[in-house]
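> Input: one structure, supplied below.
The values are calculated or read from the model by the stated rules, or taken from the named source; none is laboratory data. Keep in mind it's a predicted model, so treat the numbers as computed, not measured. For neighbour counting, all protein chains shown are included, and Cβ atoms are generated from backbone atoms with ideal geometry for every residue, glycine included.
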């Protein structure tokens, strides 16, 4: 009789330990929100999408999917292996930099001196939702700084005393990061689109500035890698 009560008591204890600390989750969310709010490649990409064709949900969804995959890699330990390998990280950085330059050139080519002013809602080379989705995935997955941001804060907010396994907690934190990115960049892109619809003459210049920013960011990453190898 007494032996039958023990498993239920242990189950209740395990159930109590199964939760992640809400305070830690809130602190983690505040930290990553502050990091996401710092302008970078993701900002330049989503602003370019908002000013160019308005397919913001697809672009932001791509960023969210990409960071979800990165979060999963970090959870299973692959992210740490990549971060500790200078060669792999250099290849990732170079690929991401080249892709940023490519997107920047594409954005610049999609605008023309007069067409963007007269009819900014119709770019010369309209991109499909699928194209923006894939571009968003590539931008986030090839962003080495995004990988390093995930590797650094995530383990600090995982609770070793919780009932969930450590990799599961990392995966949950990674999904929170990805979801926050999705919401933040959707709002940013929609806000950009709405503002440019009121001031249409700014659409072309916003696209050009965003495209140029992507190119500059890509070149800076390449230069940093070259200097690091010297």
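> So residue 59 ticks every box in (1) surrounded by fewer than 18 Cβ atoms within 10 Å (Cβ to Cβ); (2) within 19 Å of residue 215 (Cβ to Cβ); (3) at pLDDT 85 or above but one. Which box is left unticked?
Among (1) surrounded by fewer than 18 Cβ atoms within 10 Å (Cβ to Cβ); (2) within 19 Å of residue 215 (Cβ to Cβ); (3) at pLDDT 85 or above, the lone unmet condition for residue 59 is (1).
> Let me ask something else about it. Of everything in region 142-158 that's in a loop (DSSP other than H, G, I, E, B) and surrounded by 15 or more Cβ atoms within 10 Å (Cβ to Cβ), which residue is modelled with the highest pLDDT?
Applying the filter and picking the extreme gives 142.
> Could you tell me whether any residue of region 109-130 is within 30 Å of residue 29 (Cβ to Cβ), assigned to a helix (DSSP H, G or I) and either modelled with pLDDT of 70 or more or in contact with a helix residue (DSSP H, G or I) (Cβ under 6 Å, 6 or more places away or on another chain) (or both)?
yes
> Scan region 159-186 residue by residue and report those that are at pLDDT 75 or above and assigned to a loop (DSSP other than H, G, I, E, B).
164, 165
> Still on this structure: Are any residues in region 160-179 farther than 18 Å from residue 38 by Cα and crowded, with 16+ Cβ neighbours inside 10 Å, and if so, which ones?
To start, the set of residues in region 160-179 that are farther than 18 Å from residue 38 by Cα comprises 160-175.
Listed by number, the residues that qualify are 162, 164, 169, 170, 171, 172, 173, 174, 175.
> Here are some residues: 69, 74. Which one is part of a helix (DSSP H, G or I), buried (at least 22 other Cβ atoms within 10 Å of the Cβ), modelled with pLDDT of 75 or more and touching a helix residue (DSSP H, G or I) at 6+ places or on another chain (Cβ under 9 Å)?
One residue alone meets the criteria, 74.
> Considering only residues that are at pLDDT 75 or above and touching a helix residue (DSSP H, G or I) at 6+ places or on another chain (Cβ under 8 Å), look in region 197-210 and name the one that is nearest to residue 143 (Cα to Cα).
Let us first name the residues in region 197-210 that are at pLDDT 75 or above, namely 208-210.
This time we only want the ones that are touching a helix residue (DSSP H, G or I) at 6+ places or on another chain (Cβ under 8 Å), so: 208, 210.
Numbers: 208: 22, 210: 17 Å.
Among those that are at pLDDT 75 or above and touching a helix residue (DSSP H, G or I) at 6+ places or on another chain (Cβ under 8 Å), it is 210.
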